Amino acid sequence: MQKLTLLFDGGHLFIDVERELWLFDTGASTSFGDHEGIVFAGKEFSLNHNYMGLSAEKLSEFVGIKCAGLLGTDVLSKFDYIIDPSQNTLTVASDELSHDGQAIGLSEFMGIPIIKVQVSSMEYRMFFDTGAQISYFQDKSLTDFPACGMIKDFYPSVGQFETDTYQVKVSFEGTIFDLRCGSLPELLAAPLMMTGTQGIVGNQILENRVIGYFPRRNILCL
């Protein structure tokens with residue numbers, strides 16, 4: 001078990017690995033960075049230099065913080081995590097960790113976790129993406145919710161884009177969040193819908209609480 005320093009800044013989640021910041025991104029299937037490899041939680045992993053054309057240098061520009069790269073699910077899926085932004089700590093372990101919160105089952109597509117949520121009594125499948133500063137809800141009812149302004153975001157292969165956002169009440173098996181949700185550009189929305197998902201749950205659910213993320217057991221604890 002290892003405790004790493006966690007930085008929650010500008011809606012993005014970073015971890016300090018050997019004095020370099022890495023984006024902690026459950027929404028990316030492939031890790032990449034400035035280095036040929038990384039030692040994470042005692043295990044060594046080789047790295048690509050970019051992901052869908054996104055390099056560490058470009059990533060740093062988008063998030064506004066100098067970072068060495070991104071850790072995706074090809075690395076993150078090998079461990080258990082306790083994510084505690086209030087204490088600026090990420091506990092990572094090869095052994096199983098425990099959490100007393102509400103346990104929610106996950107499925108996955110190409111290694112990226114999928115969670116079931118309820119919006120206005122309807123159930124939807126959404127990707128759980130800690131690399132997303134806001135959430136996304138690909139449903140025509142989105143504009144029925146209270147508006148909360150425009151935001152600029154980015155995605156590999158697409159680059160930066162803007163979206164209007166709305167405050168959406170989302171239930172995770174009884175645990176309620178008011179999530180700021182946008183709508184993805186068509187280039188991203190089309191493949192999302194093809195996977196049978198209707199949106200993305202971003203890392204806003206990490207604010208002001210301790211989360212257990214156990215990808216090997218397909219469990220998220222709130």
At a Cα cut-off below 20 Å, give the aspartates and glutamates reachable from Lys43, other chains included and same-chain residues fewer than 8 away excluded.
Asp16, Glu18, Glu20, Asp25, Asp34, Asp74, Asp80, Asp95, Glu96
Separation between Cα centres of the range 117-181 and the range 46-82, rounded to whole Å
22 Å
Give the residue from Trp22, His49, Leu4 lying farthest towards the positive end of the charge dipole for the range 1-80; charges sit on Cβ (+1 for Lys and Arg, -1 for Asp and Glu) and the dipole is referred to the Cα centre.
Leu4
For Lys58, list the lysines whose Cα falls under 16 Å from its own Cα; do not include residues on the same chain fewer than 8 positions away.
Lys66, Lys152
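Pulled fully out, how much extra length does the chain show between Ser86 and Ser107, if you take 0.36 nm times their separation in residues and subtract their Cα-Cα distance? Don't skip to the end; give the middle numbers.
Details: separation 21, 0.36 × 21 = 7.56 nm, distance 2.76 nm.
Result: 4.8 nm gained on full extension.
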Charges only on Cβ, +1 for Lys and Arg, -1 for Asp and Glu: so what's the dipole of the chain about the Cα centre, in debye to the nearest 20?
280 debye
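First measure r as the distance between the Cβ atoms of Ser121 and Asp16, then evaluate 1/(1 + (r/R0)^6) with R0 = 35 Å and state the FRET efficiency to the nearest 0.05.
Values: r = 42 Å, r/R0 = 1.19.
My answer for the efficiency is 0.25.
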Rg and Dmax in Å for the range 90-222, alpha carbons only: what are they?
14.7, 45
With the cut-off at 1.5 for a/c, could you classify the range 34-109 from its C-alpha gyration tensor as rounded, prolate or oblate?
prolate
Distance in nm between Lys78 and Met194 label points, each 7 Å along Cα→Cβ, equals 3.0 nm
Under the 0.36 nm per residue contour assumption, what length would be gained going from the current alpha-carbon distance of Ser94 and Gln167 to full extension?
22.6 nm
Starting at 0 and stepping by 10 Å, how many percent of the alpha carbon pairs of the range 68-164 end up in each bin?
10, 35, 36, 17, 1
Gyration tensor (alpha-carbon) shape descriptor, the chain, a/c threshold 1.5
oblate
Residues with amide H under 5 Å of Phe128's amide H, sequence separation 5 or more or different chain, H placed in the peptide plane at 1.01 Å from N; which?
Ile114, Ile115, Val201
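Of the heavy-atom accessible surface of the range 92-142 (probe 1.4 angstrom), what whole percent is carbon and sulfur? Each step should come with its number before you reach the end.
On the way: 1190 of 2420 Å².
Here it works out to 49 percent.
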Can you give me the % of accessible surface on the range 1-75 that is carbon or sulfur? Probe 1.4 Å, all protein chains present, nothing else counted.
44 percent
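At 1.4 Å probe radius, can you tell me the per residue accessible area of the chain in Å²?
Numbers: 10160 Å² over 222 residues.
For the chain, the solvent-accessible area averages 46 Å² per residue.
Apply 1/(1 + (r/R0)^6) to the Cβ-Cβ distance of His49 and Asp144, taking R0 = 25 Å, and write down the FRET efficiency to the nearest 0.05.
On the way: r = 43 Å, r/R0 = 1.74.
Result of the calculation: an efficiency of 0.05.
The values are calculated or read from the model by the stated rules, or taken from the named source; none is laboratory data. What you see is a predicted model; the values in this text were computed from it and never measured. Note that we place each Cβ from the backbone using ideal geometry, even for glycine, and neighbour counts take in every protein chain shown. With ligands, DNA and RNA removed, areas are computed over all heavy atoms of the protein, side chains included. Shrake-Rupley method; radii C 1.70, N 1.55, O 1.52, S 1.80 Å.
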